[in-house]
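Have a look at the structure below, then the notes.
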Number of protein chains: 2
Amino acid sequence: MADSNSKQDLIVGVDLGGTKILAGVFTPQLKRLQTAKLSTKAVRGFEEVVERIARCIQDAVDEADFSLKQVKAIGIGAPGAVDPSSGEVVFAPNLEWSKAPLKKALEKRLEIPVFVENDCNLCALGVHEIELHGKPRHMVGIFLGTGIGAGLILDGHLYSGFNRTAGEIGHMVLQVGGPKCGCGNKGCFEALASRTAIFRNLQEAVKAGEKTSILELLGPGQSLADLKSGDLRKAIRKGDKLVEKIVEDAAEYTGVAVANVLNLLNPEVIVLGGGVIDALKDEMMSIIVETARDYAMPGTDKGIEIVASELGDEAGIHGGAVLARQRLKSASSN
Amino acid sequence: MADSNSKQDLIVGVDLGGTKILAGVFTPQLKRLQTAKLSTKAVRGFEEVVERIARCIQDAVDEADFSLKQVKAIGIGAPGAVDPSSGEVVFAPNLEWSKAPLKKALEKRLEIPVFVENDCNLCALGVHEIELHGKPRHMVGIFLGTGIGAGLILDGHLYSGFNRTAGEIGHMVLQVGGPKCGCGNKGCFEALASRTAIFRNLQEAVKAGEKTSILELLGPGQSLADLKSGDLRKAIRKGDKLVEKIVEDAAEYTGVAVANVLNLLNPEVIVLGGGVIDALKDEMMSIIVETARDYAMPGTDKGIEIVASELGDEAGIHGGAVLARQRLKSASSN
């Protein structure tokens, strides 16, 4: 550890996902200094995942030549329903967690204050505070990955509703009787435009005998399910019409979902993010914006921005740092 | 005018609709004293409608044995996009108004402070303050009539978004590619479950040769379009299976829309109101609630109430009185 660094206070933001853990080290002014990544290994159970989160944080801090003792607070986003007051992950299907005491376990392990939120809420908070400098009074962040979720900033603050589950936009029905969703219902946004939906549609088209060059990207023993959103982009840029059509359909459904949000909540900014948008920004955004404005009631979208986030997969760690700083401040002012 | 009444301060709430004007006289404690009703006669133009609103208010005040001089403020809900700060009705398709200076014209005519809001916002405000005693922190009111709209109370206050058009739930798409809506798009909630949609479906079924007893309710020279929501109830109670099926379908779509709101906003209470719900409460509410809970993500609807408003078509005038009282208070405290 460099001597000149030893007095620097630090804040850590963590994005806990179903497949990977990303940790970021920040200054109290929210300048990002370093990140580290580890796979989640959710199958090994809660205790082991907590250990891996702790190790990922240590890796990031160490890599930046700091010591864990300098970390004043940790903000962490978990993929599921979270009780921010107790720091419990109430329900996280991707991790197979139910009533998991994440705050308690991590604070015991690291002896640093930990604050837990829903991952999409944290992504929205990161985009709002860091990317948009806290300016929009009302902002909705919609994040498309394996699943789809949203975070709502209303009247300048994170809005989470009565049971703290607001933002479940992935299960907004856009097509009654449409394709089956993982939740058991039909026609949810997530069943029409998530990475899962896109690959399911691709798989079905291949089965039906349609041609695609994307199969050439498969390694030995790999199936379509092993491909990533970036592979879709590669195929489209090589001129794959099937992949292009399927991604365009997903973008149109996303545009309809954006219009539904615009009509209902009329936020100043709607930000799109997540792995699917990161990889396919150029292919999807213009279709999303055009469709959304087409479905918005006349006059309602005046002056409203619909944009892709620049933070990419770092939105979550930025949001974690913002949350940790907010909570530290409110604790010190009490 | 009775002498004992002459010192009583009054507040007036007005619900301006496409077909009728309803005015209510209230005490400052929001006790409703009297109402009056006039047809809108929108075809006669803005000046004439303003004159009719003034006359309707005078009728209500006079009927209650009071004088117009006792009215300290008027709150009025208009069916369209409203700028509450200027009191201008920006756009109201049912009245064929665009940039109509309602506040200015009515204040000039009556010499009483006038406050204007969107009609669904006022209905939500009335339900929240009067029927639910201001208790729920987050409440969404969904109103089904000729069209469908919503009013949002978030964090205890009316939420209207960036362009003050929030709550356009009638144009939330529930069925991409579904039936055509008055707005030009397809598959909107309003095109699936409004009074207009129900009668369109009925008309199409009759054309296709399906049997219904509802035609017996038609007077000489009347068409299905002349019937009211109450006629649907009469037909169902007489055992009309076609009408029952069509109303059930509308209730199911309404349940899906309620679930979308529940998943996205997670409010403590979702209240249903408007002419369709008033007339068909017993036929629709259990289907709406069951469908909504079915489509809500597990755990998100815990403790959340989905209820029909008891205020019926008086929600708007109550909301108008609440608004007028709020604005008077904030004016006197400045």
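What's log10 of I(q)/I(0) for chain A at q = 0.13 Å⁻¹, Debye sum over Cα points only, no solvent?
So the normalised log intensities are -0.98.
Can you check what the net charge comes to around B:D15, using other residues whose Cβ is under 12 Å from the Cβ of B:D15 (Lys, Arg +1; Asp, Glu -1)?
Net charge around B:D15: -2.
Translational D (Stokes-Einstein, µm²/s) of the stretch B:204-293 at 10 °C and 1.306 mPa s when Rh comes from the Kirkwood sum over C-alpha pairs?
It diffuses with D of about 111 µm²/s by this estimate.
For A:K72, list the aspartates and glutamates whose Cα falls under 20 Å from its own Cα; do not include residues on the same chain fewer than 8 positions away.
Candidates past the 8-residue exclusion: A:D3, A:D9, A:D15, A:E51, A:D59, A:D62, A:E63, A:E107, A:E111, A:E117, A:E129.
For a quick protection proxy, order the peptides B:152-164, B:9-21 by their average other-Cβ count within 10 Å, most packed first.
Peptide ranking by packing, descending: B:9-21, B:152-164.
Residue by residue through B:266-275, how many Cβ atoms from other chains fall within 10 Å of the Cβ on average?
Mean shielding by partner chains, rounded to a whole number: 2.
Only helices at least 30 Å long along their axis, Cα-based, and averaging -1.0 or more on Kyte-Doolittle count here, so list those DSSP H runs from chain B.
B:241-265
Are there any residues in the stretch B:284-313 with a reduction of at least 50 Å² in accessible surface when going from the isolated chain to the assembly of protein chains? Probe 1.4 Å, please list them by number.
Hits at the 50 Å² cut-off: B:Y295, B:M297.
Compute the projected area of the convex hull of the Cα atoms of the protein assembly as shown, averaged over all viewing directions, and report it in nm² to one decimal place.
Average projection, Cα convex hull of the protein assembly as shown: 34.7 nm².
Add +1 for every Lys or Arg and -1 for every Asp or Glu among the other residues with Cβ under 14 Å from the Cβ of B:L132, and state the total.
Net charge around B:L132: -3.
FRET efficiency for B:D155 and A:D9, Cβ-Cβ distance as r, R0 = 25 Å, nearest 0.05?
My answer for the efficiency is 0.20.
What pairs in A:K135/A:K281; B:K31/B:K99; A:K211/A:K281 have C-alpha atoms more than 26 Å from each other?
Exceeds cut-off: B:K31/B:K99.
What accessible area per residue comes out for the protein assembly as shown, rounded to a whole number of Å², with a 1.4 Å probe?
In whole numbers, the protein assembly as shown has 42 Å² accessible per residue.
State the Kirkwood hydrodynamic radius of the stretch A:188-257 in Å, one decimal place, computed from all pairs of distinct Cα atoms.
Across the stretch A:188-257, the inverse of the average 1/r is 12.3 Å.
Which ³J(HN,Hα) values, rounded to whole Hz and listed in residue order, are derived for the stretch A:130-144 from phi using the Karplus coefficients 6.51, -1.76 and 1.60 in 6.51 cos²θ - 1.76 cosθ + 1.60 with θ = phi - 60°, glycine and proline given as x?
Each residue's phi maps through the Karplus curve to give 8, 7, 9, 6, x, 6, x, 6, 10, 9, 10, x, 10, 10, 9 Hz.
Please give the residues from the stretch A:174-188 for which the solvent-accessible area of heavy atoms, probe 1.4 Å, is smaller by at least 30 Å² with all protein chains in place than with the chain isolated.
At a threshold of 30 Å² (probe 1.4 Å), the residues of the stretch A:174-188 that become less exposed are A:L174, A:Q175, A:V176, A:N185.
In debye, nearest 20, what is the charge dipole magnitude of the stretch B:183-289 about its Cα centre with +1 on Lys and Arg Cβ and -1 on Asp and Glu Cβ, if you could check?
The calculated dipole for the stretch B:183-289 is roughly 240 debye.
Out of the stretch B:110-209, which GluC sites (Glu not before Pro) are coil in DSSP terms and have no more than 16 other C-beta atoms within 10 Å?
The qualifying sites are B:E111.
Quote the Stokes-Einstein diffusion coefficient, in whole µm² s⁻¹, for the stretch B:1-150, based on the Kirkwood radius over alpha carbon pairs, a temperature of 25 °C and a viscosity of 0.890 mPa s.
So the translational diffusion coefficient is about 156 µm²/s.
Using only protein heavy atoms and a 1.4 Å probe, how much accessible area in total is buried between B and A, to the nearest 100 Å²?
Approximately 3700 Å², summed over both chains.
Where Lys and Arg each count +1 and Asp and Glu each count -1, what net charge lies around B:T300 among other residues with Cβ under 15 Å from its Cβ?
Every neighbour counted, the sum reads -4.
Please work out the ratio of the alpha-carbon Rg of the stretch A:134-309 to 2.2 N^0.38 Å and round it to two decimals.
Computed over Cα atoms of the stretch A:134-309, the ratio equals 1.06.
With equal scatterers on the alpha carbons only and no solvent term, can you work out the Debye log10 of I(q)/I(0) for the stretch B:69-166 at 0.10, 0.23 1/Å?
Here log10 of I(q) over I(0) equals -0.28, -1.20.
With the cut-off at 32 Å, tell me which of the pairs A:K180/B:K245; A:K41/A:K180; B:K20/B:K302; A:K37/A:K234; A:K180/B:K180; B:K104/B:K228 have Cα atoms farther apart than that.
As for pairs spanning more than 32 Å Cα to Cα, those are B:K20/B:K302; B:K104/B:K228.
The values are calculated or read from the model by the stated rules, or taken from the named source; none is laboratory data. Just so it is clear, the model here is predicted, and its values are computed rather than measured. Backbone-built Cβ (ideal geometry, glycine too); neighbour counts: all protein chains shown. Remember, those area values only see protein heavy atoms, side chains included, never the ligands or the DNA or RNA. Shrake-Rupley method; radii C 1.70, N 1.55, O 1.52, S 1.80 Å.
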